[in-house]
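Just so you know, all these numbers are worked out from the coordinates, no wet-lab data involved. These numbers come from a predicted model, not from an experiment. Quick reminder, even Gly has a Cβ in these numbers, built from the backbone with ideal geometry, and neighbours come from all protein chains shown.
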Amino acid sequence: MTTMKTKILFVFALFITIFFSCKEEKKTEEVLTEETKEVLYENFTVTLGIVAKKDDNLHLYFTEDNSINFTEDKSVWAEIKGNEANQQVVFKLPINAIPTDLRLDLGYGKNPEQMEILINSINFNYFDKSLVIKGSEVSNYFYPNKQNTVLDNLTGTVKRIKVDQETAPSLYPHTALEEALVELTRE
């Protein structure tokens, strides 16, 4: 009888050990998965160095098919707080997204208080590669939407055409940006 009790206790202890080790292993897998997702999520990032004096929302659209047919499902938002100093705004594209074209909307809808945003730099990162565009070079890579945007080629300042316009200023890609993105994402 003692042998039977010993065997039952041994099986029970083995069961408990396996149960807790499996639970711990699952927890470790979840943590690794989250860490891996974070690394993968940062495959392609766009970092703006801007001066925006009022609170606003910025919007980065991307396509992956060499078109400028920008849609909401392929876009990333960033909320900004007004600041007189330069601030970094980071857009992280979804896992495995490799953009062929980008559009920047510098604000959300009607915001008469935010008449202009100064772009000091735009930094594109793809793994260990990067491209940095200085404010005065923005017009080499983007052109303004003529219906609602003025872009100062010397400073990189983006302005609304009208104080009360319904849409934010926006910048569309030049061929030079398309070419730079291809070079940046080439393996």
Subject >> Selected residue (only one of 168, 97, 180 is touching a residue at least 60 places away in the same chain (Cβ under 8 Å), surrounded by 14 or more Cβ atoms within 10 Å (Cβ to Cβ) and not aromatic (Phe, Trp, Tyr)) >> reply: 168
Subject >> Leading residue by the ranking (farthest from the chain's Cα centre (by Cα)) among those in the range 140-156 that are surrounded by 18 or more Cβ atoms within 10 Å (Cβ to Cβ) and either among the aliphatic types (A, V, I, L, M) or closer than 10 Å to residue 119 by Cβ (or both) >> reply: 151
Original post:
Do you know which residues across the range 92-118 are within 18 Å of residue 135 (Cα to Cα) and either hydroxyl-bearing (Ser, Thr, Tyr) or in contact with a His (Cβ under 9 Å, 6 or more places away or on another chain) (or both)?
Top reply: 103, 104, 105, 106, 107
Subject >> Criterion violated by residue 123 - all others in (1) part of a strand (DSSP E or B); (2) of a type outside the set (Gly, Ala, Ser); (3) in contact with a helix residue (DSSP H, G or I) (Cβ under 9 Å, 6 or more places away or on another chain) satisfied >> reply: (3)
**OP:** Could you give me the residue pairs with C-beta distances under 7 Å whose first residue belongs to the range 133-151 and is more than 11 Å from residue 171 (Cα to Cα), whose second residue is assigned to a helix (DSSP H, G or I) and not small (Gly, Ala, Ser) wherever it lies, and which are 6+ apart or on separate chains?
**Re:** 133/141
